[in-house]
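For reference, the structure discussed in these notes is given below.
No lab work stands behind these numbers, since they all come straight from the coordinates. These numbers were taken from a predicted model, which means no experiment stands behind them. Here the Cβ is made from the backbone with ideal geometry for all residues, glycine too, and neighbour counts use every protein chain on show.
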Amino acid sequence: MTRIRSEPGRVWRITLDRPEARNAVSEDMLGELTTALGDSAADPRARVVLLGGEGGHLCAGADLGEIGEAAGADGFGYAQTLEEVLSAIADHPLPVVARVEGAVLGAGCQLVTACDLVVAAEDARIGIPSARLGIVIAFESIERLVLLVGPRRAAEMLITGREVSGREAVGWGLATEAVASELVADRAEELAETVGASAPLSVRGSKAGIRVVLRKLSIDRETEGYRVAEVDMMAADALASDDLREGLRARGERRPPEFRGS
């Protein structure tokens, strides 16, 4: 069953369509999302991408059931597939506008950090609860978060699991603007239409210039991969750990986890 819905046009709309799971993303969904992003990049009619979620949530995170099944086996494969999606958003030739509402956690928050413009509902919940689950997110996602909000805020989110509201997210640099939840869909559409009506060469060139600056500030894996190899190894170890299994069990049983560091 297709869980990613695309509506081509000048504003190319991509919608996560798994409302019964608050749009938690499986590896199959990530593959569909990569395809949709590629299709929009190749469409000469498209001038902006609008990313949203069905049912009042953008994305409540990864499909934890799928990660639990992969723990100790190919859990790292999910993280790599997610990173392919995030790179497809960040490196997309067109601006990507995110409509942020409801639960925007884990993989959902990572999607937001890769977008160019973000319209958030004031009462949206945005965060990365990796420390409560026993996960280390990919280095590139850590890097995007640090570049957006700074090292102190990034540490607060990643180490304590702090969630911020859409209203707070503006001050943190995670969102462009915040509006009442009943207005977020219309405002995101309005912003996307504004971008779509702007001069295409100017818009593309501006995004490309911003990406050059960000690449200059980031670490190049090809030339400095040794700097992030330790983080990669720690992420792989965490995905194979008993702590991750305990974090997932505790979440399902609605109790505090008892982590042992192994």
Inset, instruction - Could you work out the longest stretch of the chain that avoids the trypsin sites (Lys or Arg not before Pro) located in DSSP loops with at most 15 other Cβ atoms within 10 Å? - result: 46-253
Legend entry - Globularity index of segment 197-262, i.e. its alpha-carbon radius of gyration over 2.2 N^0.38 Å: 1.90
Inset, instruction - Along each of the three principal axes of the Cα atoms of segment 12-61, give the extent in whole Å, ordering the values from largest to smallest. - result: 34, 21, 12
Legend entry - For the chain, share of DSSP beta bridges that run antiparallel, in % to the nearest 5: 20 percent
Legend entry - Mean separation of Cα contacts under 8 Å, 6 or more apart, over the residue count of segment 6-111: relative contact order %: 37 percent
Legend entry - Theoretical ellipticity at 222 nm over the chain - DSSP helices of four or more residues, -39500 (n - 2.57) apiece, nearest 500: -16000 deg cm²/dmol
Inset, instruction - Express as a percent, rounded to the nearest 5, the fraction of DSSP beta bridges in segment 42-178 (both residues included) that run antiparallel. - result: 15 percent
